[in-house]
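Taking it in order: structure first as structure tokens, then the write-up.
The values are calculated or read from the model by the stated rules, or taken from the named source; none is laboratory data. Since the model is a prediction, treat every value here as computed from it, not as a measurement. As a convention, Cβ positions derive from the backbone with ideal geometry for all residues, glycine included, and neighbour counts pool all protein chains shown.
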Amino acid sequence: MSGEPSVSSAVIRGLEFLDRHAGEWYCTRCWADEVGADARTLHRVSVLMGTDEARLAGYEAKADGACKVHDAKGARLAGRKGPRSVRGLRKPRS
């Protein structure tokens, strides 16, 4: 074994989802729902996504951000802030 930490399939699914939905903000709870993962796992990933290294890799996170899912559900939930929000910065491939 190389000593490198393994990346769970939930994290891989989460990053692939953000790549497919580049530019769209998701709170960690809705992000986890979209990929069928534990929100606690993806929340920990979102904390790491707030770094310059993550931004260079094409991902961004912020505290109290917007969420595409909440905004799509209408005025009652529009603008609702999640504890952390994430997005992919890469343009989807054609």
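Under the condition of being exposed (fewer than 15 other Cβ atoms within 10 Å of the Cβ) and of a type in the set (D, E), which residue from segment 27-56 is nearest to A72 (Cα to Cα)?
Per the criteria, the residue is D33.
Could you please tell me which pairs satisfy a Cβ distance under 7 Å, a separation of 6+ or placement on different chains, a first residue in segment 41-63 that is within 12 Å of T28 (Cβ to Cβ), and a second residue that is of a type in the set (S, T, Y) and surrounded by 13 or more Cβ atoms within 10 Å (Cβ to Cβ)?
Partner pairs satisfying both residue conditions: T41/S8; L42/T28; H43/T28; S46/T28; M49/Y59; A61/S46; A61/S85; K62/S85.
Give me the residue from segment 66-94 that is small (G, A, S) and modelled with pLDDT of 80 or more and, out of that set, nearest to Y26 (Cα to Cα).
Among residues in segment 66-94 that are small (G, A, S) and modelled with pLDDT of 80 or more, the one nearest to Y26 (Cα to Cα) is S85.
Given the conditions (1) among the charged types (D, E, K, R); (2) surrounded by 14 or more Cβ atoms within 10 Å (Cβ to Cβ); (3) at pLDDT 90 or above, which single one is not true for E16?
Exception for E16: condition (2).
Evaluate the following for H70: is it out of contact with any Asp or Glu (no Cβ under 7 Å at 6 or more places or on another chain) and within 16 Å of R90 (Cβ to Cβ)? Before you say what the answer is, go through the steps one by one.
Numbers: out of contact with any Asp or Glu (no Cβ under 7 Å at 6 or more places or on another chain): yes; within 16 Å of R90 (Cβ to Cβ): no.
No.
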